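Only one structure is covered here, and it is reproduced in the block below.
Coordinate-derived values only; no laboratory data. Only a predicted model underlies this, so the values are computations on that prediction, with no experimental measurement involved. Heads up, the Cβs are rebuilt from the backbone with ideal geometry, glycines too, and the neighbour counts pull from every protein chain shown.
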Amino acid sequence: MKPRDLADLLLLAALWGASFLFMRIAAPDFGAAPLAALRVAGAAMLLLPMLTLRGAWPALRRHWWPIAVVGLCNSALPFTLFAHAALSIEAGVSAILNATSPLFGVLFAALWLREPSNGWRLAGLPVALIGVALLVGGRIGLKAGAAAADAAVAIALCLSAAVLYGFSANYARRSLSGVPPLAIAAGSQAAAALLLAPAAALTWPAATAPWTAWVAVLALALPCTGVAYVLYFRLIANVGAARAITVTFLVPAFAVLWGAMFLGEAVDAGMLVGGVVILAGTALATGLLYPPAWHRSRG
């Protein structure tokens with residue numbers, strides 16, 4: 001990576017790590033669908049004027065259909081799933097589960113795009129699943145009052161969101177190659193807002209949310225989504241989908257840090273073990289981690 005790409009990667013990881021913090025704050029007051037809708041609507045309001053200033057509307061009009069698919073699979077659905085999970089599990093655990101996204105990205109690349117794989121990459125899947133089992137079995141990161149069944153559902157929702165991210169990265173690579181990142185970011189957020197509007201209207205909370213929740217929504221929508229997606233799609237364009245999605249390896253560190261600093265979330269040994277096993281499995285699957293013997297055989 002060039003220095004600018006590495007800076008984009010670190011900033012993106014910090015922003016997406018913070019998004020789990022803001023979801024924890026706002027989800028109880030808004031609910032999953034309204035929160036996700038506000039998140040993407042705010043991001044669209046930030047990005048669409050930028051799109052106009054850059055003169056990138058023709059690209060959005062030409063590629064509106066694949067951009068809408070990315071809006072559904074990379075924003076509307078996963079944002080809703082993670083917001084629902086935030087009602088039961090802590091920010092750090094959600095971010096660790098989000099780190100399996102590159103694993104599913106590799107699977108989609110191998111099964112759909114027919115990219116070659118190897119034994120060590122295939123071994124990453126069961127290793128990552130063992131890490132998930134450690135998180136579930138230890139009831140790690142439960143919010144106060146949440147039951148084990150709630151945590152199991154929340155973990156399943158996070159993994160489903162990770163599957164969608166893995167699909168979306170490969171879909172964007174296949175269908176939106178050469179499209180300006182700003183057009184993809186702005187168009188996908190606008191499409192996600194339109195898609196989520198009916199569910200948000202039907203489930204809008206009766207009580208008025210406190211100002212702290214609204215501040216969290218603004219932070220979630222503008223820097224953590226609007227700015228972050230420009231960085232993300234720029235990384236896909238510059239370094240490829242496989243490298244760009246590895247940002248999720250860094251996100252848990254920031255999410256755990258922000259959660260501990262601002263929400264007082266505990267970091268225990270069980271959470272660390274489960275997280276390390278998940279990251280190791282995902283690193284194997286993406287080719288970022290190879291045993292020494294494999295390095296020698298490649299050399």
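What the table shows:
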quantity	calculated
Interchain or long-range residues, amide H under 5 Å from Ile89's placed H	Lys143
Alpha carbon Rg of segment 3-287, scaled by the compact-globule rule 2.2 N^0.38 Å	0.94
FRET E, pair Ala123, Leu218, Förster distance 35 Å, beta-carbon r, rounded to 0.05	0.25
Inter-label distance for Val273 and Thr208, nm, one decimal - labels placed 7 Å from Cα along Cα-to-Cβ	4.9 nm
Per-residue ³J(HN,Hα) for segment 191-196, Karplus 6.51 cos²θ - 1.76 cosθ + 1.60, θ = phi - 60°, Hz, x for Gly and Pro	5, 4, 4, 5, 5, 8
R0 of 45 Å, Cβ-Cβ distance Ala149-Trp65: FRET efficiency to nearest 0.05	0.70
For segment 86-113 and segment 66-83, distance of Cα centres in Å	14 Å
Fully extended contour minus Cα-Cα distance, from Ala197 to Arg174, at 0.36 nm per residue	5.5 nm
Length released on extending from Ala156 to Lys2, taking residue separation times 0.36 nm less the Cα-Cα span	51.8 nm
J(HN,Hα) series, segment 28-42, from Karplus relation 6.51 cos²θ - 1.76 cosθ + 1.60, nearest Hz, glycine and proline x	x, 8, 9, x, 5, 5, x, 5, 4, 5, 5, 4, 6, 5, x
Packing-based order for 9-18, 200-209, 88-97, using average beta carbon neighbours within 10 Å, highest first	88-97, 9-18, 200-209
Rounded to whole Hz, the Karplus (6.51, -1.76, 1.60) HN-Hα couplings of segment 163-178, x for glycine and proline	4, 5, 5, x, 5, 5, 4, 6, 5, 5, 5, 7, 9, 10, 4, x
Neighbour-count order for Met50, Met23, Met271, fewest beta carbons within 10 angstrom listed first	Met50, Met271, Met23
